[in-house]
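Quick notes on the structure that follows.
The values are calculated or read from the model by the stated rules, or taken from the named source; none is laboratory data. Since we're looking at a predicted model, the values are computed, not measured. No Cβ is skipped: glycine too gets one built from the backbone with ideal geometry, and neighbour counts run over all protein chains shown. The area values use the complete protein model at the heavy-atom level, side chains included, leaving out ligands, DNA and RNA. Shrake-Rupley method; radii C 1.70, N 1.55, O 1.52, S 1.80 Å.
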Amino acid sequence: MTIVRVENLSKIYPVAIKQPGIKGTLKHFFQRQYREIKAVQDISFSIEAGEMVGFLGPNGAGKTTTLKMLTGLIHPSSGQVRVAGYVPFRRQPQFLSKTSLVMGQKQQLLWDLPALDSLKINAAIYNLSDQVFEQRLGELSEMLSLQQKLTQPVRKLSLGERMKAELLAALLHHPQVLFLDEPTLGLDVNAQVAVREFLREYNLRYQATILLTSHYMADITALCKRVLLIHQGQLMYDGALEELLERFAPCREVKVELAHPVEKAHLAQFGEIEAIDGQEVRFLIQREKLTTTIAQILAQLEVLDLSVSEPPIEEVIGRLFLSGKVSLTS
Ligand SMILES: Nc1ncnc2c1ncn2[C@@H]1O[C@H](COP(=O)(O)OP(=O)(O)OP(=O)(O)O)[C@@H](O)[C@H]1O
């Protein structure tokens, strides 16, 4: 069942132009001029119930703007959006009870109060009975390992604990569709893993649909089989993450530790050199040439250690954007 349907969605922000100085201020006051920022341009996609989809793109690509339109915080300039059958911008109670938005850089919990107090407010807003509230609170706080932390003021929680409490607050009403904008922003590696594990478990347990943006590629690779790639407001790719890597990462990274330094010119004959750090060299080698090139390296150089890996996904995607190689078809 399709739960998120986006058709030809666009958002244009009018931005006032103001010249510096008093003259500029007066002109701005009497004769305001605007320019347009095309934050999202004619994008279409749909998401099936229960899917976990990664939403990728460089800074300023239009991810947050899209999420804001999907949750009804802003009105689209044109195009259609349906989430769980509702038009988000109408913000009907039924829509609000089926969706949730968590933004890593914004918080809904009240700073000076224990998280439990904010959770009780949310329970009242969503009309949860005491019994349902207690049951969900117990279940979610156990999944998030937060039981001991909910009674102390939010300002005394660590960043990771605060994020988990934010997730608890956002999920208390059991939304079917969850929009996450950088949920692991600023968290240390352990806290990132804990949030990731929780999201996977939540998706499995409740068949929740999740659309996730993150600059930590580990979040995306761990959780999402499918990705949407947006660049300068346009949807560049919609498909399997693996296929994206297959198509656009035709190389493997070969890391070689040499017994002694070798001239760059000599090393260059084996393939593209990604980096040289003393006696450690990283090559990018075409997949089809991998075995013959490794055999040549081992035969011609004195090698202490050698390993082969996929280049990091953020590098692949970064290179795609730079080269303009991404195409509209998946
Ligand atoms: N309220 C606004 N008024 C004017 N321009 C805006 C507004 N919000 C966003 N923009 C612009 O729209 C474009 C897309 O911004 P958006 O925040 O959606 O990108 P993003 O992909 O979420 O970026 P990031 O990864 O940095 O959060 C940017 O050029 C941004 O400057």
Practice problem: Given the peptides 209-222, 28-41, arrange them by the average over their residues of other C-beta atoms within 10 Å, most packed first. | Solution: 209-222, 28-41
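What FRET efficiency, computed as 1/(1 + (r/R0)^6) with R0 = 56 Å and r the Cβ-Cβ distance, is obtained for Ser78 and Ser307, rounded to the nearest 0.05?
Using R0 = 56 Å, I get an efficiency of 0.65.
Between Ser44 and Leu159, take the C-beta separation as r, use R0 = 41 Å, and let me know the FRET efficiency to the nearest 0.05.
On the way: r = 36 Å, r/R0 = 0.88.
So the FRET efficiency works out to roughly 0.70.
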Quiz item: Can you pull the accessible area of Glu51 for me, 1.4 Å probe, Å² to the nearest 10?
Solution: 50 Å²
Practice problem: Return the sequence-ordered ³J(HN,Hα) values of the stretch 134-144 in whole Hz as given by the Karplus equation 6.51 cos²θ - 1.76 cosθ + 1.60 applied to θ = phi - 60°, using x for Gly and Pro. | Solution: 4, 5, 5, 4, x, 5, 5, 5, 6, 4, 9
Quiz item: What's the angle, to the nearest 10 degrees (0 to 90), between helix 21-30's Cα axis and the longest principal axis of the chain?
Solution: 50 degrees
Quiz item: Taking a probe of 1.4 angstrom, what is the accessible area of Cys251 in Å², to the nearest 10?
Solution: 20 Å²
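Computed FRET efficiency, Cβ-Cβ of Gln152 and Gln286, R0 41 Å: what is it to the nearest 0.05? Please report the intermediate quantities before stating the final value.
On the way: r = 55 Å, r/R0 = 1.35.
Computed FRET efficiency for Gln152 and Gln286 comes out at 0.15.
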Quiz item: Using the alpha-carbon atoms, what tilt in degrees (0 to 90, nearest 10) does helix 159-171 show relative to the longest principal axis of the chain?
Solution: 50 degrees
Quiz item: 222 nm [θ] for the chain, helices only, -39500 (n - 2.57) per DSSP H run of 4+, per residue, to 500?
Solution: -11000 deg cm²/dmol
Quiz item: How high is the relative contact order of the stretch 251-309, in percent, with contacts defined as C-alpha pairs under 8 Å that are six or more residues apart?
Solution: 51 percent
Practice problem: Could you work out how far apart the two model spin labels at Ile37 and Arg205 are, taking each label as a point 7 Å from the Cα in the direction of the beta carbon, and quote it in nm? | Solution: 3.8 nm
Exercise. Using only alpha carbon pairs under 8 Å that are at least six residues apart, calculate the relative contact order of the chain and give it in whole percent.
Key: 18 percent
Quiz prompt | Listed peptides 106-118, 290-302 by packing density, highest first (mean Cβ within 10 Å) | solution = 106-118, 290-302
Quiz item: Once you put a point 7 Å from the Cα of Ile125 and another 7 Å from the Cα of Glu139, both along the Cβ direction, what distance in nm separates them?
Solution: 2.1 nm
Self-check item: Cα lying deepest toward the dipole's positive end in the chain, options Leu244, Tyr34, Gln192, charges on Cβ
Solution: Tyr34
